[in-house]
Each structure stands twice: as structure tokens, then as C-alpha cells.
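Have a look at the structure below, then the notes.
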Amino acid sequence: MGSWAIAVHGGAGVDPCLPAVRQEEARRVLSRCLKLGAGALQAGLTAVDVVEMVVRELETDPVFNSGRGSALTRRGTVEMEASIMDGRGRRCGAVSGLSTVKNPVSLARLVMDRSPHSYLAFDGAEDFAREQGVEMVDNSYFITEENVSMLKLAKEANSIMFDYRVPIPGVDSCSAIAGLMGAKAEGGLQMNGLPINVYAPETVGCVVVDNNGWCAAATSTGGLMNKMSGRIGDSPLIGSGTYACDVCAVSCTGEGEAIIRSTLARDVAALMEYKGLSLQEAVDYAIKERLDEGNAGLIAVSRNGEVAYGFNTVGMFRGSATQDGFMEVGIW
Amino acid sequence: MGWAIALHGGAGDIPLSLPAEGRAPREAALRHCLELGVAALKANRPPLDVVELVVRELENSPCFNAGKGSVLTTNGTVEMEACIMDGNTKKCGAVSGLSTVVNAISLARLVMERTPHIYLAFDGAEAFAREQGVETAHSSHFITPENVERLKNAKEAKRVQIDYTEPIKGAIPSSIGDSQIGTVGCVAVDGHGILASATSTGGLVNKMAGRIGDTPIIGAGTYANSYCAVSATGKGESIIQATVARDVAALMEYKGLSLKEAAAYVIERTPKGNVGLVAVSANGEVTMPFNTTGMFRACATEDGYSEIGIWPSGINGDLEYPNK
């Protein structure tokens, strides 16, 4: 009791052909964020402060696709969402439909701390952001060249799904074409309806248990490439993408619709509270039994200082660290 | 086993002194909606259809805080939200931030059936509504004089009310007394154990624009799986953090509680005055617990039981004793 633990993720559903240089880049960012969180925990910061701080870092770094580098809607804009939950008292805050707020997770925190509500979205959320004086930027800040081409590929893939004979303009790499064809012809690896090499995981998250045994979780995302404008996924939904209570904290990533349907984050905690499973047992059960045909992953910590993760996707960018000096990052 | 249905028109601080002109139309609406739902179940309509049609009827009634009769945001506008879930497949649909759609619950169903998504909100949801050609109306269709007055009272009382909250002593008395309306919802099960849940609302009086409550959040205000279907009402923020609807089902599945035990367990652990729910199980059981002063509710089961109520059974002023 009384030992801290932290886990982070940068999204589930990774292209098995991801170039080595990109893998290295991801590992570096995950390590850096873990060390940031670990340092804060050593210094005695509370769980909810640490998850916010770490997710801010993940949002700001363009390597992971939340905040800067977020997925684009079918209109080519960015709509971000996030949620945060403090297991101490199960207070929570969430935001959706942000287009100019630099750090969505921090606005979610302000909803929790400074509004009478738990969840604000779209214009109302942006108005609140202005009132609170948070850092705001033009929507173009979040849009990267890479994601503009990814959107193009995604649109083509969505139509390609219906006719594999149509040539794919603008796709340079043989592996990308092979991926698209393969995905259609053989029902190959897909995430959220897109071939794995077109899909890019879009969510980041952090879970922490602090020195006092208090748990907290936070998740942030740009959503889904080519999503309909106004589409809300699992990340801002308490009980689906994010959950924290007395016994544990959970942050999920993957196919949003599958995570919502299975109320994945709450289920991990419910399995512990109501069925008496341990953290790892609950995580394994949830991933194995609750997702049906869906693809997702999650990270979790318990009030006892344990850390666990699980995923049924090809990979999940992740890292974890505990007070006794253990630290690891992983993708596969 | 057998079919069962339960519906609600909102939980809150409904005063026992509610005058006849406040009670009568609401009683009539509950009775009418119950009859519609029962007829549909007897005609073997799937539970998903049944909960949608009952909630549509509740939305169209100006007596309840959904659709026509929705409470107003701090800007004097309506922002409606709804959610529907099919217990058989666990498919679900949700919408928020609607201002022109006459039946939010039906748009939620279209999100579920005609998009790859679960949840659409605000401008995106309104655009989808237009694409789908659903019935829309000007805001004057939804806004009632009673709700204009409620907003005025709330602003004067300088606080956010849940659907049914008596004005603070000393606040300027209104001609309608208090907030006598609430979220609406319906849960149903057929003779095969197939379950469905639907909930719809205008939200919280004087809420911030953009505020989303529990209703459209799967697992909070609405949930259905193979064990039970649940629709909750009350203070949204409390229902979200307690994942009320999901917890009822989880307690049945993971802890082996009965429907009644699971629902009571959840209600007891939520702050008093904050929540009510209606739920049915795959076996055709029904429960309608609440920790508020009252909850507008009605239910019926295939074996002939039916009940319409406002306050806890046995409290003076209750409408009809359960009949067998």
C-alpha cells in the first residue's frame, strides 16, 4: 500500500509494418512522458494532477495523434475530445467538439473543477474555454500535412472497400496499395473500417495511483479519421473510455463504438468490485469477453500500486512505471 | 417470463401538494403511453420499436421535459438529447444538442442504424437530421411558457435546478409553483427476453449551453444488455459518475443480484434526492426505485400487473394502487 504506479498509452491498432524510425520515435515520447509522471509522483503530486500533466504532454507532442496531429473529420477539420476522472469522489469532467483549445484535457479538468456540470461540448465548450482564459489557437495549428494525406487515403479506402479494381491515385508506397487491396480481398487487418496501414491510432491516455492510493485517469483524442462532423467517440464518455474510482483507474483506446457498447473502462472496475477479480484478471476478462468483434486496448492501475494493460489489436503504444523502479515501454 | 414495460416522466422534488391541474395531464399522459406500449408488446412489436414509440409519445407531450416542453438553457434555447439501446445486440445510438428535431429519440435510432457511429451532437447531428429528412420544427414548437418561467425562477434563485426542485424559500414565487417535469424514458422486454431502453430529455433548467447530461451517455442514463434494460432520471452529473444504468446490469451479472436488489443497491448509493430509474429484466420483472420525493412512472407486465405513480407507494396522494 502507498506505492505509486503510472501507465500511459498512445493508441491501439498499430501497423505491423510501421517503420523502425517511427517506432523509436514513439518509444522515446512514451519514455519521456513516463519519466515526467514518475518524477511528479515522487514529488508527491496527486493522481489527478499527474494524469493531466502527462496527457498535456502527449497532446502537445505531434508524434501521437491527439491535440496537434489529430485525425481529421470528413470536412478536413479537427474536433477533439477528452475526459478526466478523479477516483477520489469519482469527480469527472469531459469535453467534445473542440477546435481551438490547445489542451483539451485541461479544459476537461476545468469543467470538473470550475463548472456545475460534468460534460460540455462544441460551441458551449469553446465559450467556456474563452471564459476560463485557456490557451487557444487557430484550428489549422492542429492540422498536419501527414493527416491531410491520411484523410485522402481514408476517403479512398472507404470507397475502395466497395471496388478493389479502382486504381488508387496518390498512394505512393507499394505496401500501402498492397495493404488496401489485401484488406479488401482477404478481409485483412482493419481498425475502425480502415486497413491497418491507413488507420492511425488517435487516442492518448494516462492512469495513475499516487502515494495515497488515490487513482485517476485521463484520455484525449482527435477521434476517427474521416468521421462525420459531430461524431463523439468513447474518449469523453465516462465509463467507456475513461473511469476511475476507489479501486482502480482505466483509460481505453481503439474502436470507439466497441468500447462504448462494452462500457469497457467501467467494466474493468466493476469486475474488480462486484466479481472480486484482481486488476490483471479484470483487464484480461474485459478484453477477451466484452469486446465481441471489436478491437481495443486499455491501461489500468489499482489502488494497491499494480499496473496492467491488455489489447486485442496488433499493437498498442504503451508504457508503465512503478515506485520500485520498474519501467517499460512497448508497442507489440 | 413474459413481456414487461416501464416508463418514466422524470424524478425529482415533486411536492405532495402538486395541484390537480399539475397532476391530471401528467397522469393521463403516463396512462396513455403505458397503453400504447402494452398494445405494441401484445402485437409482438420488437422491444426496440416499443421503447422508441413510447418515448416519441412522451417527447410530444408538453408535460414532460423532453421534446416539446423541454427545459431551457441559460440562453433561453432548447438543447435536447436522447439515447436508445438494443439489449440483444448492444447496438446503441445517441444524440445531443438538438434544437429543431421534433423526436430526438428517433434520430438517435437513425444514428444507430444508418451511420458507422454511435453518437452525433450539435451541428453535426442537426445536419444528419436534415440528410435523413426527419421532422424538424422551429424552436417555438418546443418552448412552453412554463419553461420560460422556470428559467426565470432559476436565474433568480441563481442556481441550476434538477428537473423537479422546489424554489428556494424567499425566491419569487411563480404561478406554476415549481419544476414539475423531467426526463422521459422507457424500457421493455418481450416474451423471449429481448430487452431495449430509450431515454430523452431537454436537460437541466438554466444549464450552460453545450452541457451534456447522463441521458445520452451509454451506461449512465441508458443501458440494455441480455440481463436488463435501464433508463435513469435525476441529476445528470450524479448519474454519470455512478454509471447508474450499467451498474444495475453489472450487479446482476457479476454479483448475482436480482433486478430489484441491483436497482435498489445503486439507488441507495447515490446521494439522496438525485436519482430514479425504471428497469426490466429478461425474465419479465419490473422495478422503479427512486431516492427523490417522487418520480412520474408507470409499468405493466404480461401477468396483468400494472401501476401508475408519482410518490412512493402508500404515500397519501398516490394515484392508483397496483392491481393484479
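The values are calculated or read from the model by the stated rules, or taken from the named source; none is laboratory data. Quick caveat: nothing in here was measured; it's all calculated off a predicted structure. Here the Cβ positions follow ideal geometry from the backbone for every residue, glycine too, while neighbour counts run over all protein chains shown. SASA here: full protein model, heavy atoms, side chains in, ligands and nucleic acids out. Shrake-Rupley method; radii C 1.70, N 1.55, O 1.52, S 1.80 Å.
Observations on the model:
- Set side by side, the residues B:Ser179, B:Ser175 differ, and just one is more than 30 Å from B:Tyr227 (Cβ to Cβ), open to solvent by less than 20 Å² (accessible area, probe 1.4 Å) and modelled with pLDDT under 95, which is B:Ser179.
- Looking at region A:247-331, the strands (runs of 3 or more DSSP E) lying wholly inside it that each contain 3 or more residues that are touching a strand residue (DSSP E or B) at 6+ places or on another chain (Cβ under 7 Å) and within 14 Å of another protein chain (Cβ to nearest Cβ) sit at A:248-254.
- Residues of region A:132-148 include at least one that is buried (at least 24 other Cβ atoms within 10 Å of the Cβ) and either in a loop (DSSP other than H, G, I, E, B) or modelled with pLDDT of 85 or more (or both).
- As for region A:110-127, it holds no residue that is touching a residue at least 40 places away in the same chain (Cβ under 8 Å), farther than 30 Å from B:Thr215 by Cβ and part of a loop (DSSP other than H, G, I, E, B).
- Of the residues contained in region B:222-237, one or more are found to be open to solvent by 10 Å² or more (accessible area, probe 1.4 Å), under 17 Å from A:Gly93 (Cβ atoms) and either touching a strand residue (DSSP E or B) at 6+ places or on another chain (Cβ under 9 Å) or small (Gly, Ala, Ser) (or both).
- Filter result (open to solvent by 20 Å² or more (accessible area, probe 1.4 Å), within 12 Å of chain A (Cβ to nearest Cβ) and not in a helix (DSSP H, G or I)) within region B:116-158: B:Pro116, B:Lys158
- If the condition is being touching a residue at least 12 places away in the same chain (Cβ under 8 Å) and assigned to a helix (DSSP H, G or I), then region A:43-59 contributes A:Ala47, A:Val48, A:Val50, A:Val51, A:Glu52, A:Met53, A:Val54, A:Val55, A:Arg56, A:Glu57, A:Leu58, A:Glu59.
- Among the conditions (1) under 21 Å from B:Ser306 (Cα atoms); (2) surrounded by 23 or more Cβ atoms within 10 Å (Cβ to Cβ), B:Gly67 misses just one, which is (1).
- Residue, least open to solvent (accessible area, probe 1.4 Å), within region B:1-23, restricted to residues that are under 16 Å from B:Ile308 (Cβ atoms) and assigned to a helix (DSSP H, G or I): B:Gly22
- Residue check for A:Tyr274: open to solvent by 20 Å² or more (accessible area, probe 1.4 Å) and either within 17 Å of A:Glu81 (Cβ to Cβ) or not charged (D, E, K, R) (or both): yes
- Of all residues assigned to region B:24-38, at least one qualifies as being aliphatic (A, V, I, L, M), assigned to a helix (DSSP H, G or I) and over 22 Å from B:Val230 (Cα atoms).
- Number of positions in region B:93-118 that are over 19 Å from B:Ser197 (Cβ atoms) and among the small types (Gly, Ala, Ser): 2
- Only one of the listed residues (A:Gly230, A:Gly256, A:Gly241) is touching a residue at least 60 places away in the same chain (Cβ under 8 Å) and closer than 21 Å to A:Trp214 by Cα. That residue is A:Gly241.
Here's the yes/no breakdown for (1) within 8 Å of chain B (Cβ to nearest Cβ); (2) more than 20 Å from the chain's Cα centre (by Cα); (3) hydrophobic (A, V, I, L, M, F, W, C); (4) closer than 20 Å to A:Val204 by Cα:
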site	(1), (2), (3), (4)
A:Ser96	yes, no, no, yes
A:Ser106	no, no, no, yes
A:Met112	no, no, yes, yes
A:Ala121	yes, no, yes, yes
A:Gly133	no, yes, no, no
A:Ile143	no, no, yes, yes
A:Asn147	no, no, no, yes
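- Residue within region B:201-210 that is touching a residue at least 24 places away in the same chain (Cβ under 8 Å), under 29 Å from A:Glu289 (Cα atoms), touching a strand residue (DSSP E or B) at 6+ places or on another chain (Cβ under 9 Å) and open to solvent by 10 Å² or more (accessible area, probe 1.4 Å) present: no
- Residue tally, condition at negative phi, open to solvent by 10 Å² or more (accessible area, probe 1.4 Å) and within 11 Å of another protein chain (Cβ to nearest Cβ), over region A:78-91: 3
Here's the yes/no breakdown for (1) assigned to a helix (DSSP H, G or I); (2) surrounded by fewer than 24 Cβ atoms within 10 Å (Cβ to Cβ); (3) touching an Asp or Glu at 6+ places or on another chain (Cβ under 7 Å); (4) not acidic (Asp, Glu):
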site	(1), (2), (3), (4)
B:Leu58	yes, no, no, yes
B:Ser96	no, no, yes, yes
B:Ile105	yes, no, yes, yes
B:Val111	yes, no, no, yes
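- The listed residue being closer than 25 Å to B:Pro289 by Cβ and either over 14 Å from the mean Cα position of the chain (by Cα) or at pLDDT 95 or above (or both), out of B:Leu72, B:Leu41: B:Leu41
- Pairing each residue of region A:70-85 that is over 15 Å from A:Asn139 (Cα atoms) with any residue that is charged (D, E, K, R) and not in a loop (DSSP other than H, G, I, E, B), provided the two are 6+ apart or on different chains, yields C-beta distances under 6 Å for A:Ile84/A:Arg109.
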